[in-house]
Amino acid sequence: MEFIKYFNKNIAKIAPVAFVVLTLFISLVKIPFYDETQALIISRFDLSQMFQISRIEGHPILWYLILKPFNSLELYPYPMMIINWIFASAMIFVLWKFAPFNNLVKFLITFSYPFFQYYGVVSRPYTLAVLVIFLLATLYKNSFKKPLLYSFLLVLCANISVISAFVAFGFGIVFIYEIFKNKLNKKDLVLLFLILFFGALILISQLCGFETPKMQSTNAHLEFIKELKTFLFNPFDNFFEKNINQNLLRICVFVSFYYFSFLFFKKDKKALILFLIPTALMITMFLFIYVGDFWHYHFVLITFIAAIWVSLEKIKDNKMVNILFVALILLNMTSFSISKDGTNKTQEGIFYSKALKILTQEKYKNAKLFCNDYYMYISPGLLYYLKKEGVVLYDIQNNDSMSFESIKNIRNINYHNDIPLNLKKNRDKNKENYYIVISNNINKYKSYQYEENGEKIFFELVEAYPELYLLIYKINFET
């Protein structure tokens with residue numbers, strides 16, 4: 001008890017400040033990874049193109065619109081880092097100011113991996129989504145008193161990310177139930193449903209006709225189940241090799257959440273609905289549409305936090321709730337110490353800093369560099385930096401890694417076919433041409449020749465960095 005009192009009086013008071021200062025420092029020194037930079041590239045397109053891209057990317061255009069005024073080459077990457085940091089700071093402020101948890105729980109949430117090491121420093125729309133979810137949880141009890149504000153937040157939440165749209169749907173169902181139960185006045189009722197209707201219409205217009213990746217659409221459920229089985233039956237083999245946080249969350253979804261949530265929230269059925277509907281939608285997507293990645297799975301935990309947040313007064317005497325709640329938060333802190341991929345995408349900065357030194361050599365400034373832009377973390381992740389250094393990286397398919405067509409076609413690129421012919425079509429006869437490949441298998445791809453229908457292209461390995469999975473070939477065309 002003395003420790004709790006000391007913690008509440010001292011450490012807890014500086015926790016939010018420490019979060020704000022540390023995340024600002026990390027944000028300013030890290031190099032953006034692929035998804036961060038790709039969003040910035042998309043922000044350069046016009047509105048109609050953004051709507052087309054949203055059907056491929058699976059994200060509404062709001063984040064791109066926020067970034068649009070700050071996508072200049074000279075300022076890159078600091079504006080988007082600062083924008084994300086502002087949202088992250090606001091997220092933690094709302095947590096500490098309004099969440100009904102004790103300071104120890106707030107501290108654990110603040111410095112758990114999702115909030116501190118990912119959403120706090122990685123410039124993606126998810127940080128804004130978490131902030132809005134926390135605001136929805138804060139205003140939950142007064143949603144009937146402020147229906148227009150609440151409905152606006154629901155629409156905002158739904159239009160940030162597909163994942164946050166699932167959470168908004170859960171909150172929305174409970175909200176609509178309250179509206180009908182309490183008989184809102186007609187004027188506010190009409191305005192409320194107009195806001196919700198147009199918000200849903202905007203979301204549908206952006207995501208209708210979503211182009212599911214071929215590799216994901218056919219194998220999503222198999223990959224999901226395979227990873228789950230791998231962790232269950234080979235836990236020690238994968239303990240350090242996999243992001244255990246991701247796998248543990250999957251297990252919790254399948255076992256703990258759905259079995260125990262009925263017991264946990266039996267005193268608050270609305271919180272049960274708020275939790276079950278979003279997680280059911282998430283799992284459906286992970287199984288049959290898009291496998292997702294760890295930053296998507298964290299939203300299961302975030303939804304759980306929101307459900308506990310809105311129902312804590314009714315279920316606070318349930319010791320099992322509190323034990324599981326704290327246990328899940330502690331599991332999300334393990335990435336710091338025991339997960340090989342604990343820092344995950346933020347680690348790509350190490351790759352980028354080394355790759356930059358390689359690709360910005362003088363010989364490459366006067367050459368033409370090609371890559372196959374299929375989620376390759378050289379392009380567009382490095383592209384802004386390379387352009388600053390006078391090095392241009394070309395997408396084989398479209399001859400411009402920052403073009404609208406390149407991003408639009410990214411999920412439909414045939415990874416190997418037609419690459420040589422496109423190389424021949426796009427080569428620069430006045431410069432040396434190089435081909436960049438992500439692979440660490442030097443023996444398999446040491447130097448090789450491509451021949452098809454009388455066309456010959458020779459790939460001569462000139463630099464190899466297996467630790468970076470980076471191979472650079474000089475391209476020689478048969479004359």
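List of remarks:
- Against the criterion of solvent-accessible heavy-atom surface with a 1.4 angstrom probe, Val326, Val132 sort, most first, into Val326, Val132.
- Taking amide H positions as modeled 1.01 Å from N, with prolines and chain starts lacking one, the residues under 5 Å from Val462 and 5 or more places away or on another chain are Ile472, Tyr473, Lys474.
- Neighbour net charge for Ile11 - beta-carbon separation under 12 angstrom, K R +1, D E -1: +4
- Between Lys425 and Ile82, residue separation times 0.36 nm minus the direct Cα-Cα distance comes to 119.4 nm.
- Computed with a 1.4 Å probe on the full set of protein chains, the accessible area for Trp96 sits at about 40 Å².
- The string of couplings for region 197-203 from the Karplus curve (6.51, -1.76, 1.60, θ = phi - 60°) is 5, 5, x, 5, 5, 4, 5 Hz, one whole number per residue in order, with x for Gly and Pro.
- Orientation-averaged projected area, Cα convex hull of region 1-155 (nm²): 10.8
- In this structure the amide hydrogen of Lys456, modeled in the peptide plane, comes within under 5 Å of the amide hydrogens of Glu478, none closer than 5 places in sequence on its chain.
- Highest mean first, the peptides 188-194, 163-169 sorted by other C-beta atoms within 10 Å per residue fall in the order 163-169, 188-194.
- With all protein chains modelled, accessible area of Ile204 [1.4 Å, Å²]: 100
- Summed residue charge, Cβ within 14 Å of Tyr473's Cβ, Lys/Arg positive, Asp/Glu negative: +3
- Residue ranking by accessible heavy-atom surface, 1.4 Å probe, largest first, among Glu463, Glu432 comes out as Glu432, Glu463.
- Asn182 sits among other residues whose Cβ lies under 12 Å from its own Cβ, and their net charge, with Lys and Arg +1 and Asp and Glu -1, is +1.
- Full-extension gain in nm, Gln449 to Tyr6, via 0.36 nm per residue minus C-alpha separation: 152.5 nm
- Mean separation of Cα contacts under 8 Å (6+ apart) over length of region 78-175, as relative contact order %: 27
- Gyration tensor verdict on region 264-307 (Cα atoms; rounded if a/c is under 1.5, prolate if a/b is larger than b/c, oblate otherwise): oblate
- Ordered from largest to smallest accessible area (heavy atoms of protein chains, 1.4 Å probe), the residues Tyr394, Tyr297 come out as Tyr394, Tyr297.
- Per-residue Karplus couplings for region 101-114, computed as 6.51 cos²θ - 1.76 cosθ + 1.60 with θ equal to phi - 60°, are listed in order as 7, 6, 5, 5, 5, 4, 4, 4, 5, 4, 9, 6, 4, x Hz, Gly and Pro entered as x.
The values are calculated or read from the model by the stated rules, or taken from the named source; none is laboratory data. Predicted model only: the values in this text are computed from it and were never measured. Don't worry about glycine lacking a Cβ; one is built from the backbone with ideal geometry, like all the others, and counts go over all protein chains shown. For the accessible areas, the whole protein counts, side chains as well, though only heavy atoms, and no ligand, DNA or RNA atoms are used. Shrake-Rupley method; radii C 1.70, N 1.55, O 1.52, S 1.80 Å.
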